[in-house]
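Enquirer: The structure under discussion is supplied below as structure tokens; questions concerning it will follow.
Bear in mind these aren't lab numbers, they're just calculated from the coordinates by the rules spelled out. Computed from a prediction, not measured in an experiment: that's the story for all the values here. Counting neighbours? That spans all protein chains shown, and the Cβs are built from the backbone with ideal geometry, glycine included.
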Amino acid sequence: MGEREDVIDALRGAALLGILLVNIQSFAWGVSAPSMGVLWDDATVLDSLTIYLTSLFLEYKIYPIFCFCFGYGFAIMAKRWRLASIGDDAVVKQRYQRRLNFMLVLGLSHGSLIWFGDILARYALAGHFLVTYIGKGPRILLRGIKRWGSITVIFTVTGGLLSALSSPPASLTDGEVDEIMKVFDVYARGDYLSTMLPRLYDYMWVLASWLLLFPQAVLIFLSGAFVAQMGWLRAPGNHVKKWRIVLLGSLMVGLPLSIVFANHALDWAADPALIPSTATSLALMLAPLLSPAYIASAALLATREFGPLVVRALAPMGRLALTNYLMQSILMLGILSGAGFGLADQGQFLIALIAVGMWGLQLGLSHLYLRQFQQGPAEYCWRLYTYRTPSAD
């Protein structure tokens, strides 16, 4: 088995906390509802603060980190397979496509049966655009980054123009708001069978919305692959200046945009009839500009005296990232939905505490599990399908 890179595993592990804090707030709400849920009549200041901080620092900023890690892992695997002399690039492409096919089927099952916010199928679909970059060096990857960066700008500007020209109503009707609350009642209080139809409907909308975001995902995939080939995370101490520039630039551009979006998110949770403005929609699409700051922070943390301790503490969570991601959805189903304990209406602050507790439990179990096994259950099946054997390099 190839050598793991602890920094990238630690980054995945930390991102699993961020994505859980976002997902758990929207788990019982349909796609038409406020993404952080609705503030109840008895909501506290802590509930409002939870919405604001989650929207400001996490919402739409964590999935790009997984995109980055996906592209990073793609570059490492492709290089390992080619160095192992398993055959020509056609063999590498076939193996990589099997890996994507497994991810697609797993994601579609996950999104249809457990959590409509699934990201696995969307990554698998966008991942096919990486096939042409197998065996390519940093120069070709940089060309791809420029090309997909241009496409992303075009999609973002087009989306903003369409939003401005569509002249949406100032707010939803009372009937549309009532429909949002009915969907919540089904997810939060209904049995499992009653949630299947609304979940499929919401999942189809989620997949359709990916048409606007997939160029952005491919761009970030390629950026992760480029960083992997350049070794900037493998030896972050040799690239401190670069990472400081990334951190500062990302904060300067991304933080003001995130403030715009967080202000809207809080207003939206207080009034679910509110429709986002064009500026808010653009801020949402540009929210990933804050994500590089988190990646740079992880790289710089690894160079500090206490950095290796933090990296080693988080890395087991990231080594089992697929298993832990799926387990989070199963736990959310059991804790929040009507098929389980039905705690979805307990307020955003309490739900955030539940998320932190879930992640802490997973982190501890990941440490214990890896003392006995080398792969998680989901990773084992993924590798088995990809290689046709669980022990291949």
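Enquirer: What's the longest uninterrupted piece of the chain once you rule out the GluC sites (Glu not before Pro) that are loop residues per DSSP with at most 14 other Cβ within 10 Å?
Expert: Numbers: sites that count: 3, 305.
My reading of the result: 4-304 is the longest stretch.
Enquirer: Shifting gears a bit: Given a Förster radius of 35 Å and the C-beta distance between residue 46 and residue 255 as r, what FRET efficiency does 1/(1 + (r/R0)^6) yield to the nearest 0.05?
Expert: Values: r = 23 Å, r/R0 = 0.65.
So, using R0 = 35 Å, E works out to roughly 0.95.
Enquirer: Please name whichever of 91, 207, 361 sits farthest to the positive end of the charge dipole of the chain, dipole taken about the Cα centre and charges placed at Cβ: Lys and Arg +1, Asp and Glu -1.
Expert: Looking along the dipole axis, the top candidate is 91.
Enquirer: Would you mind calculating the gained length between residue 350 and residue 154 on full extension (0.36 nm times residue separation, minus the Cα-Cα distance), in nm to one decimal?
Expert: Result: 66.5 nm gained on full extension.
Enquirer: Right, another one. Helix-derived [θ] at 222 nm for the chain: sum -39500 (n - 2.57) over DSSP H runs of at least 4, divide by residue count, nearest 500? Intermediate values should be presented prior to the final figure.
Expert: Values: 15 runs with 284 residues, N = 393.
Counting only the DSSP helices, I get -24500 deg cm²/dmol.
Enquirer: A follow-up question, please. Give the angle, between 0 and 90 degrees and rounded to the nearest 10, that separates the Cα long axis of helix 63-83 from the longest principal axis of the Cα atoms of the chain.
Expert: The two axes meet at around 20 degrees.
Enquirer: Which chymotrypsin sites (Phe, Trp or Tyr not before Pro) does segment 345-389 hold that lie in a coil by DSSP with at most 13 other beta carbons within 10 Å?
Expert: Numbers: sites: 349, 359, 369, 373, 380, 382, 385, 387; in loops: 373.
Sparse-neighbourhood loop chymotrypsin sites (Phe, Trp or Tyr not before Pro): 373.
Enquirer: On to the next question. Of 277, 263, 252, which is farthest on the positive side of the dipole of segment 184-283, counting Cα position, with +1 on Lys and Arg Cβ, -1 on Asp and Glu Cβ, and the Cα centre as origin?
Expert: 252
Enquirer: Which label belongs to the value computed from this structure, given these candidates for mean projected area of the Cα convex hull in nm²: [x] 19.1; [y] 31.2; [z] 27.3?
Expert: From the options [x] 19.1; [y] 31.2; [z] 27.3, the structure gives [x].
Enquirer: Can you list the lysines whose alpha carbon is less than 17 Å from that of residue 136, not counting same-chain residues fewer than 8 positions off?
Expert: Within reach: 79, 93, 146.
Enquirer: May I ask you to evaluate 6.51 cos²θ - 1.76 cosθ + 1.60, the Karplus curve with θ = phi - 60°, for each residue of segment 115-122 and list the ³J(HN,Hα) values in order in whole Hz, giving x for glycine and proline?
Expert: Going residue by residue, I get 9, 5, x, 3, 10, 5, 5, 5 Hz, with x marking Gly and Pro.
Enquirer: Over segment 250-393, what per residue volume does the convex hull of the Cα atoms give, in whole Å³?
Expert: 187 Å³
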